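J.: Please find one structure pasted underneath; my questions will follow.
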Amino acid sequence: MDVFGHYSRYYDLLYRDKDYVGEAAYVAKNIREHFPNVKTILELGCGTGAHAEHLARLGFNVHGIDLSDEMLTCAKARKSSLPECIADALSFSKGDVRNVRTGKTYDVVVSLFHVMSYQTSNADLEDAFVTASLHLKPGGLFLFDYWYGPAVLTQRPEVRVKRIQDDKIKVTRIAESETLVNENSVNVNYTIFIEDKESGKVGQLKETHRMRYLFMPELNFLLAKNGFNIIVSKQWMNDFDLTDTSWNGFVVASK
Ligand SMILES: C[S@@+](CC[C@H](N)C(=O)[O-])C[C@H]1O[C@@H](n2cnc3c(N)ncnc32)[C@H](O)[C@@H]1O
C-alpha cells in the first residue's frame, strides 16, 4: 500500500481544522481575476475531494485525479453525501499526475496542498507540468501551491506534534524531519498513534513523505519550458510577496 493508503483513513480527521472553504474561495478569486468565465477544472492530487467539493459549491465543474485508491474512496463517498446539484459537478478517477491523460481539456488545472512538492525529481515535476499543460485549453490557467525553498532553508522544519480526536479515536501525529540539502528535499517522518477510545488499544503507523522545496528560477524555467507564463507568484492565501519566511508559495500560470 502506498504511503497515502494508510494516511487517508485519518486524513479528514487530521485536517478537519484545515480551512478548505476559505482555500477554495481564494483559488476561485485568483481564477476569476484572470479568467472570469471558467467552468471546468481538473484537480491533480485531489485527495479526499475537499477542495473539489467547495469549488463545485462555487459553481465550477471539477474532475479530481489521485493516485491513492483510499483517498479516492473517501472522495467518492464525499460526493455521494452531497446534494445532487453539487455532486453532479464532481467526478473523480485514478491517475498519476505525472502521466494521466483524461482525453479532455479544461479551463483550469489546480493542484493544492503541496501536491507539486510531492514530485521530488526534476523529471517527476516536469512530467506533472506536462500533464497540466496537455489538459489546458489555450489561455487556460494552472494554479498550485508548493514549499518555497528560501523559507524552508531559513526556518528549517521543526518537530511538530498534532493531537486530534473524534468520538471513536484519538490520533497523535509526530512529524520529525530531515532536510536533504543536496536534493532540495525534506523527508518528513510521521509517527502516528491511533487510540481506540472504547478499548484503549493503540495502533502505530510510520510514514515518510518526501517533499521538494522549490525556488523561483527553477519554477520559471520548468514552467516556461512547458508553455506556461507565470502571471502571479505570491504567498499562499494572501497577496504578499514571497520572503524567506513564507513557507507556502502560490503560482498562477497561464498557458
Ligand atoms: C497532502 S495530500 C493533498 C490532497 C488534497 N489536494 C488536499 O488538499 O486535501 C497529497 C495528495 O497528492 C496525491 N499524490 C501525490 N503524488 C501523486 C501523483 N504522482 N499522482 C497522483 N496523486 C498524487 C496523494 O495521493 C495525496 O492525495
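The values are calculated or read from the model by the stated rules, or taken from the named source; none is laboratory data. Note that the coordinates shown come from a computational prediction; the quantities given were computed from them, not determined experimentally. Note: ideal-geometry Cβ built from the backbone for every residue, glycine included; neighbour counts use all protein chains shown. Heads up: the accessible areas ignore ligands, DNA and RNA and are worked out on the full protein's heavy atoms, side chains in. Shrake-Rupley method; radii C 1.70, N 1.55, O 1.52, S 1.80 Å.
J.: Does residue 90 satisfy the condition of being among the hydrophobic types (A, V, I, L, M, F, W, C), within 13 Å of the ligand (Cβ to nearest atom) and modelled with pLDDT of 95 or more?
T.: no
Okay, residues lined up against (1) touching a residue at least 24 places away in the same chain (Cβ under 8 Å); (2) surrounded by 21 or more Cβ atoms within 10 Å (Cβ to Cβ):
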site: 127; (1), (2): yes, no
site: 140; (1), (2): yes, yes
site: 158; (1), (2): no, no
site: 168; (1), (2): yes, no
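J.: Right, next: What number goes with the only condition from (1) open to solvent by 20 Å² or more (accessible area, probe 1.4 Å); (2) more than 16 Å from the ligand (Cβ to nearest atom) that residue 210 does not pass?
T.: Among (1) open to solvent by 20 Å² or more (accessible area, probe 1.4 Å); (2) more than 16 Å from the ligand (Cβ to nearest atom), the lone unmet condition for residue 210 is (2).
J.: For the stretch 92-119, how many residues meet the condition of being open to solvent by less than 40 Å² (accessible area, probe 1.4 Å), more than 27 Å from residue 17 (Cβ to Cβ) and not in a strand (DSSP E or B)?
T.: Qualifying residue count for the region: 3.
J.: Return yes or no: is residue 71 at pLDDT below 95, surrounded by 18 or more Cβ atoms within 10 Å (Cβ to Cβ) and within 15 Å of the ligand (Cβ to nearest atom)?
T.: yes
J.: Can you tell me which residue is most open to solvent (accessible area, probe 1.4 Å) among those in the stretch 40-68 that are assigned to a loop (DSSP other than H, G, I, E, B) and away from the ligand (no atom under 11 Å from the Cβ)?
T.: 58
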